[in-house]
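Take a look at the structure set out below.
The values are calculated or read from the model by the stated rules, or taken from the named source; none is laboratory data. Being a predicted model, the structure only gives us computed values, none of them experimental. Backbone-built Cβ (ideal geometry, glycine too); neighbour counts: all protein chains shown.
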Amino acid sequence: MTAIIKREISSYFTSPLGYVFLAVFYGFSGLFLWMNCLSSGSADMSGVFVLMFFIVLVIIPVLTMRTFAEERRQNTDKLAFSSPVSLFGIVFGKFIAAFFVFFCAALVLLIYAIFIAAAVGNGGSEFVWPAFWGNFAGMLLIGAVFTALDVFISSLTDNQMIAALGSIGANIVICTFDIISGYISDENIKNVIDFLSVFGKFAEFTGGIFSLASVVFFLSLTGMFIFLATRVLERRRRA
Amino acid sequence: MIEVQNLSKNYGSREALRGISFSVEDGEILGFLGPNGAGKSTTMNIITGCITQTGGKALINGINILENPMEAKKSIGYLPEIPPVYPDMTVDEYLNFVYGLKKCKFPKNSHLEEIRTLVGIEDVRKRVIRNLSKGYKQRVGIAQALIGNPQTIVLDEPTVGLDPKQIIEIRSLIKKLGKNHTVILSSHILSEVQAVCDKIVVIDKGKLIAFDTAENLSRKLTGDRKLTVHIEGDCDKVENILKTVSGIDAFHVGRTVEGNVKEYELEARENCDIRRELFNKMAQNDCPILLMKGSELTLEEIFLKLTTGDFYGGNEQ
């Protein structure tokens, strides 16, 4: 599995893909930081995280689109399948590598926070670190969910474009439960949909609420999609 | 050692394999022969654990690949039809990756160097695989299969797309490998299988139609009863002598080879070796035999006979 993680990470950075991903993330987060904090002199970064949610939703599919689609097209999946590595090891290795690139991107938010905290400190007031950590955790968790979901979508096809578009669609679907729930009158169904709401739970984090239930929810979703991807590979072996 | 028992595979309603069985001993090279779409790659994919079978068993050194894949895959190196190389990596990066992927225990540098030298890719080790020629990609694919020194090496059409010089090199490499490994190789080029393999499996439309050594196959098909001889001497005289040879069932006169020498096709009675009697009689009558050979079928002929059903399908059953 470590071999797969290493190879995947290095493949992100031997092609322009990893750099473009980082550049887009850094560019937009910088822009949003300027809009939310620098131009108005506010030290509250929550707005940056909310806006970044929508960027992440679109760019993670670009990161994951080739994980399995490309392997299938190149016939390199046979190498992993005939090696002593479990299917879970293959999927998890690819997930970790993509998540690592996302993590490198998200780290920039921490750097912003350090600078803002320093600036706020100079002004004599306090930067609210707990709120930042909540936001940051929310960002990493939502990144993990999207990465796992999109790796799963990539395992379904051997065409990168379809993988990317399908992933963006899937990401939007799991985030729009909230919108649907507004149109439903039945309380019970509404409750279920609200419970499944991904954006709602992410919004809790940006609102400064660090809920363990939400953490478990996000991690379970991540685990579920990784599991589904291994099932897809297993099914293909049996097909 | 590999044992395949009654293996079958369905793709939806299409039967790709219909119960084939064979076995390969250690240190043997098995040739897998069949027309396109016969089920060669399917069988190899099952043996190496890339896909699963619908029925039957594949045992690698006694380990069932379906029940204990991790253990079984440790002793397999596989080169699929299209070499599974990552075009964006250099040869060295790629081999290092496979080394890690296979959880190889040998000292890394010397092990990889040994393999690079063996398959002849030492001089391209720093190059990106995308820029290599087809022949070199194929070699990198073979190198990958050798990492970890697996006991069993499965090569799916290893010489496809190579130039004649490379084909000869790869064949001699396979022969070399066959000395300490069990090798299964598939091909639809018959002369290739004849040149390198100890045993041959012929499959067609997912069915096993022959499993034997190349010599045995051709002997079985001809029944070892036909003999081609070149005899010098007057044709009528030779014919008269041939009539006196007791074991001959039938004969006919063929082309003139040179001057007074003609070719004769003899057919002996069953379980009858006519060679000594023939030699003595001809010698006594001063009609020297210049050439005598059993008319063995070439693999091409065997193959056609087998796949068109003249052999097991027609005569024997």
message = Among the residues that make up the stretch B:118-125, is at least one of them surrounded by fewer than 21 Cβ atoms within 10 Å (Cβ to Cβ), outside the structural domain of B:Pro35 (by TED's automatic domain parsing) and within 19 Å of A:Ala3 (Cβ to Cβ)?
response = yes
request  = For the stretch A:44-57, state whether one or more residues are surrounded by 22 or more Cβ atoms within 10 Å (Cβ to Cβ), of a type outside the set (D, E, K, R) and within 30 Å of A:Arg237 (Cβ to Cβ).
outcome  = no
query = Regarding B:Val98, is this residue under 18 Å from B:Gln166 (Cβ atoms) and in a helix (DSSP H, G or I)?
reply = no
note = Filtering the stretch B:50-94 down to residues that are free of Cβ contacts under 8 Å to residues at least 24 places away in the same chain and more than 7 Å from chain A (Cβ to nearest Cβ) yields B:Ile63, B:Asn64, B:Ile65, B:Leu66, B:Glu67, B:Asn68, B:Pro69, B:Glu71, B:Ala72, B:Glu93
task = Go through the stretch B:101-116 and count every residue that is more than 9 Å from chain A (Cβ to nearest Cβ) and either under 30 Å from the mean Cα position of the chain (by Cα) or not in a loop (DSSP other than H, G, I, E, B) (or both).
result = 10
ask   = Here are A:Asp77, A:Asp44: which of them is acidic (Asp, Glu) and more than 10 Å from chain B (Cβ to nearest Cβ)?
value = A:Asp44
query = Which one is surrounded by the fewest Cβ atoms within 10 Å (Cβ to Cβ) among residues in the stretch B:24-49 that are within 14 Å of chain A (Cβ to nearest Cβ) and out of contact with any Lys or Arg (no Cβ under 6 Å at 6 or more places or on another chain)?
reply = B:Ser41
inquiry  = Which condition from (1) part of a helix (DSSP H, G or I); (2) touching a helix residue (DSSP H, G or I) at 6+ places or on another chain (Cβ under 8 Å) is the one that A:Phe127 breaks?
reply    = (1)
note = Being exposed (fewer than 15 other Cβ atoms within 10 Å of the Cβ) and either touching a helix residue (DSSP H, G or I) at 6+ places or on another chain (Cβ under 9 Å) or among the hydrophobic types (A, V, I, L, M, F, W, C) (or both) narrows A:Ile193, A:Ile189, A:Ile226 down to just A:Ile189
note = Residue pairs within 6 Å by beta carbon, gap of at least six or interchain, first lying in the stretch A:1-15 and at the interface with chain B (Cβ under 7 Å from one of its Cβ atoms), second part of a helix (DSSP H, G or I) and polar (S, T, N, Q), listed first then second, are none
ask   = When A:Ala163 is evaluated against the numbered criteria (1) assigned to a helix (DSSP H, G or I); (2) surrounded by fewer than 18 Cβ atoms within 10 Å (Cβ to Cβ), which criterion, by number, is the only one it fails?
value = (2)
key: Positions within the stretch A:206-223 being out of contact with any Leu (no Cβ under 9 Å at 6 or more places or on another chain), in a helix (DSSP H, G or I) and among the aliphatic types (A, V, I, L, M), in sequence order   = A:Leu212, A:Ala213, A:Val216
inquiry  = Could you go through the stretch B:168-177 and let me know if any residue there is closer than 23 Å to B:Ala72 by Cα, in contact with a Leu (Cβ under 8 Å, 6 or more places away or on another chain) and in a helix (DSSP H, G or I).
reply    = yes
message = For the stretch B:181-265, give me every one of the strands (runs of 3 or more DSSP E) that falls completely inside it and has 2 or more residues that are more than 20 Å from B:Ser23 (Cα to Cα) and more than 29 Å from the chain's Cα centre (by Cα).
response = B:226-232, B:248-258
query = So, in the stretch B:50-100, of the ones that are under 24 Å from the mean Cα position of the chain (by Cα) and basic (Lys, Arg), which residue ends up farthest from A:Thr2 (Cα to Cα)?
reply = B:Lys57
ask   = In the list A:Leu63, A:Leu87, A:Leu149, A:Leu141, which residue meets the criterion of being more than 30 Å from B:Pro80 (Cβ to Cβ) and either away from chain B (no Cβ under 14 Å) or surrounded by fewer than 22 Cβ atoms within 10 Å (Cβ to Cβ) (or both)?
value = A:Leu141
Selection count where residues are surrounded by 14 or more Cβ atoms within 10 Å (Cβ to Cβ) and either charged (D, E, K, R) or under 19 Å from B:Val154 (Cβ atoms) (or both), scope the stretch B:9-23 = 9
query = Does A:Ala239 satisfy being of a type in the set (A, V, I, L, M, F, W, C) and out of contact with any Ser or Thr (no Cβ under 6 Å at 6 or more places or on another chain)?
reply = yes
query = Right, A:Ala131: of a type in the set (A, V, I, L, M) and within 18 Å of A:Ala105 (Cα to Cα) or not?
reply = no
task = For the stretch A:28-38, state whether one or more residues are hydrophobic (A, V, I, L, M, F, W, C), over 16 Å from A:Ala106 (Cβ atoms), over 20 Å from the mean Cα position of the chain (by Cα) and assigned to a loop (DSSP other than H, G, I, E, B).
result = no
note = Here the residues within the stretch B:10-30 that are more than 13 Å from B:Leu208 (Cβ to Cβ) and not hydrophobic (A, V, I, L, M, F, W, C) are B:Asn10, B:Tyr11, B:Gly12, B:Ser13, B:Arg14, B:Glu15, B:Glu25, B:Asp26, B:Gly27, B:Glu28
key: Residue tally, condition farther than 25 Å from B:Asn36 by Cβ, of a type in the set (A, V, I, L, M) and either part of a loop (DSSP other than H, G, I, E, B) or within 18 Å of the chain's Cα centre (by Cα) (or both), over the stretch B:144-167   = 1
Residue list for the stretch B:201-231, filter: touching a Leu at 6+ places or on another chain (Cβ under 6 Å) and at pLDDT 85 or above = B:Val202, B:Gly206, B:His230
